[in-house]
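Working notes, beginning with the structure itself.
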Amino acid sequence: MAWVPVVSYYLRYNTEDRQPVVGIYYHSDGLNGKKLVAQHFPLPAQDATFVADLLRNEGPVYFDPAVGALASGKEAIGEGELDSDQPADSTLSLA
């Protein structure tokens, strides 16, 4: 499967086992797809903080379900946000 846009996310902290969880929602067949998929990732606290920051402050954000990777859209250094339909080369694997 190719990169698909993340349409929303949630953050959760399980108090019993002290486990941060990041969840994302994306359409299984791309941006205008009919089927919305939810996927959640229990992460170490440092990784959860990084992923939460990525989801809050970057956009667009893409997910590759085949490898479990998140990526922001391409941005020129020092130029602010650019519109892009493809993720940047650097990714974070959640799998």
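Quick rundown of the values:
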| quantity | calculated |
| --- | --- |
| Residue that is nearest to the chain's Cα centre (by Cα) [pool: residues in region 1-52 that are among the charged types (D, E, K, R), modelled with pLDDT of 90 or more and not in a helix (DSSP H, G or I)] | ARG12 |
| Sole residue being among the charged types (D, E, K, R) and surrounded by 14 or more Cβ atoms within 10 Å (Cβ to Cβ), chosen from ASP53, ASP17, ASP29, ASP47 | ASP47 |
| Residues located in region 1-14, provided they are surrounded by 12 or more Cβ atoms within 10 Å (Cβ to Cβ) and closer than 18 Å to GLY73 by Cβ | TRP3, VAL4, PRO5, VAL6, VAL7, TYR9 |
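The values are calculated or read from the model by the stated rules, or taken from the named source; none is laboratory data. Keep in mind that what you see is a predicted model, and the values were worked out from it rather than measured. Glycine gets a Cβ as well: all are built from the backbone with ideal geometry, and neighbour counts include every protein chain shown.
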